[in-house]
Structures are given as C-alpha cells and as structure tokens.
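Q: There's a structure below that I have some questions on.
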Amino acid sequence: MQIKKTNLDGCYIIQPRLFKDERGSFFEGFNSKIFEELTGLNLDFVQDNQSTSSKGVLRGLHFQKGKYAQAKLVRVVRGSVQDVVVDIRPKSKTFGMYFSIILSGENNTQLFIPRGFAHGFLVLEENTIFTYKCDNFYNKESESGIIYNDVNLNIEWKNLDVDYKLSQKDLQLPKLEDLVL
C-alpha cells in the first residue's frame, strides 16, 4: 500500500498494491497497521456505506458537524467518479481549498478524508458503486453541506454529456461563507 499526501493537510491518496494472475486479482483495501505507520493516525472505522448511481449524479458537498464529524476512507468498486474534498477547518492554512481526484474500479485508488472536510463526488459512468468507511456514526441532526457550485470555492467539476443530477436537499445547501462552523 502506498500513501501520498495531497495539497490539503491530513488528506491522503491511498494506492493499494494489486496482485494479478490468470485467476483474477486481489488487493488489500485497508490495513490499519500500515496506515498508522505511514500517517501517524490511529482510526477505528465503525460504519461502511455504499451507493449506486447513474452517470451525472452529483452528491455533496456533505459533512457532519461537532462531535459527529467523520473521517472517511472512500473508493469506487465499479465505474468512476470525480471525488472532491474541501477543507472547512477554520484554523487550517488550507481552509476553503479543495482537492479533486478520479477514483475508479479500475485504478483502485482510495482517498482518506479527515474530519473537518466537506466531501462530494460526480459520477462519471453508469451504475457506479461508491463505498466509504466512517470513523463515527451518522447523526441526522449534525449533517450539513456546501453547495457544489460555490463560486468562491471555484471547483472545476468535469464536463459531461449529461446534466448533473442533484437531490433537492443538495441544491439548497449554503455557500461556505454562509456556514456557521
């Protein structure tokens, strides 16, 4: 497993080592011992989530507030997404900055997202399966988000040959500057 830093402090790209032979392939998706050795972080993932989406679905930018904040380890099982995270930690030197990466079932790349980040993804292929581990349980009263097209964030979402599909809830999210963190 290789772990690389991103431009956002505490956010890491994880590239599992893939083993292939005539039978197929194998990779270790997560190893807490190696993760801790390379990042200094000791995590206890308590919840796994999975979504299936069609091309053009845009989910996010979501996060949990306060004591229900979540660190996440995200990956794509089938298909591909443009994954985007935004640093919303007010005292961070990278506050308001974003990082974007393509995750796919083919590249097996994963992204570790620390607490204090908003997260979203744009689905690039039909029937994409997206999974993520969380280090804290979901709490509806603590959910929040930022509108995907906040002009101050200036996120460069991929242009697709279909319109983006967002939930009504995600279309009504505030800009980062309007959030009470």
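Q: Is it the case, given these coordinates, that Thr39 is touching a strand residue (DSSP E or B) at 6+ places or on another chain (Cβ under 8 Å), among the β-branched types (Val, Ile, Thr), at pLDDT below 95 and over 14 Å from Tyr132 (Cβ atoms)? I'd like the intermediate steps shown before the answer.
A: Numbers: touching a strand residue (DSSP E or B) at 6+ places or on another chain (Cβ under 8 Å): yes; among the β-branched types (Val, Ile, Thr): yes; at pLDDT below 95: yes; over 14 Å from Tyr132 (Cβ atoms): yes.
Considered against the rule, which asks whether it is touching a strand residue (DSSP E or B) at 6+ places or on another chain (Cβ under 8 Å), among the β-branched types (Val, Ile, Thr), at pLDDT below 95 and over 14 Å from Tyr132 (Cβ atoms), Thr39 comes out as yes.
Q: Kindly list, by first and then second residue, each pair from a residue in segment 122-149 that is without any contact (Cβ under 8 Å) to a residue 40 or more places away in the chain to a residue that is hydrophobic (A, V, I, L, M, F, W, C) and not in a strand (DSSP E or B), limited to pairs with Cβ atoms under 9 Å and residues at least 6 apart or on different chains.
A: Listed pairs, sorted by first residue: Asn149/Ile155; Asn149/Trp157.
Q: With the requirement that a residue be crowded, with 22+ Cβ neighbours inside 10 Å and of a type in the set (S, T, N, Q), what does segment 107-135 give you?
A: If the condition is that a residue be crowded, with 22+ Cβ neighbours inside 10 Å and of a type in the set (S, T, N, Q), then Gln110, Thr128 are the ones that fit.
Q: Quick one: which strands (runs of 3 or more DSSP E) lie wholly within segment 1-56 and hold at least 1 residues that are free of Cβ contacts under 8 Å to residues at least 12 places away in the same chain? Break it down stepwise before answering.
A: Working: elements: 2-5, 12-15, 18-21, 24-27, 47-53.
Passing ranges, in order: 2-5, 18-21, 24-27.
Q: With the structure loaded, tell me whether Leu43 is farther than 24 Å from Ile147 by Cα and buried (at least 16 other Cβ atoms within 10 Å of the Cβ) or whether it fails that test. Give the steps one after another, and end with the answer.
A: Values: farther than 24 Å from Ile147 by Cα: yes; buried (at least 16 other Cβ atoms within 10 Å of the Cβ): yes.
Taking the combined requirement at face value, the residue satisfies it.
Q: Could you pull out the residue among Glu106, Glu156, Glu125 that is among the acidic types (Asp, Glu), touching a strand residue (DSSP E or B) at 6+ places or on another chain (Cβ under 6 Å) and more than 19 Å from Gln47 (Cα to Cα)? If you could, list the steps in order and put the result at the bottom.
A: Details: Glu106 fails: touching a strand residue (DSSP E or B) at 6+ places or on another chain (Cβ under 6 Å); Glu156 fails: touching a strand residue (DSSP E or B) at 6+ places or on another chain (Cβ under 6 Å).
Sole residue among the options that is among the acidic types (Asp, Glu), touching a strand residue (DSSP E or B) at 6+ places or on another chain (Cβ under 6 Å) and more than 19 Å from Gln47 (Cα to Cα): Glu125.
Q: I'm checking my understanding of the structure. Among residues of segment 136-174 that are of a type in the set (Gly, Ala, Ser), out of contact with any helix residue (DSSP H, G or I) (no Cβ under 6 Å at 6 or more places or on another chain) and surrounded by fewer than 19 Cβ atoms within 10 Å (Cβ to Cβ), which one is nearest to Gln70 (Cα to Cα)? Walk me through how you get there before you give the answer.
A: Initially, segment 136-174 is screened for residues of a type in the set (Gly, Ala, Ser), giving 142, 144-145, 167.
Going one step further and asking which of them are out of contact with any helix residue (DSSP H, G or I) (no Cβ under 6 Å at 6 or more places or on another chain), we end up with 144-145, 167.
So of that shortlist, the ones also surrounded by fewer than 19 Cβ atoms within 10 Å (Cβ to Cβ) come out as 144, 167.
Working: Ser144: 12, Ser167: 21 Å.
Within segment 136-174, the match that is nearest to Gln70 (Cα to Cα) is Ser144.
Q: With the condition being small (Gly, Ala, Ser), I'd like the strands (runs of 3 or more DSSP E) fully within segment 59-139 carrying at least 1 qualifying residues. Steps first, answer last, please.
A: Numbers: elements: 72-78, 80-87, 98-104, 110-113, 117-123, 128-134.
Answer list for segment 59-139: 80-87, 98-104, 117-123.
Q: Let me ask you something else. Name every residue in segment 66-78 that is out of contact with any Gly (no Cβ under 9 Å at 6 or more places or on another chain) and surrounded by fewer than 16 Cβ atoms within 10 Å (Cβ to Cβ), in order of residue number. Can you show your working first?
A: Step one: list which residues in segment 66-78 are out of contact with any Gly (no Cβ under 9 Å at 6 or more places or on another chain), which gives 66-68, 70, 72, 74.
Once the filter is applied, which keeps residues that are out of contact with any Gly (no Cβ under 9 Å at 6 or more places or on another chain) and surrounded by fewer than 16 Cβ atoms within 10 Å (Cβ to Cβ), segment 66-78 yields Gly66, Lys67.
The values are calculated or read from the model by the stated rules, or taken from the named source; none is laboratory data. Since this is a predicted model, take the numbers as computed values, not measurements. Ideal geometry is used to build each Cβ from the backbone, glycine not excepted, and the neighbour counts take in all protein chains shown.
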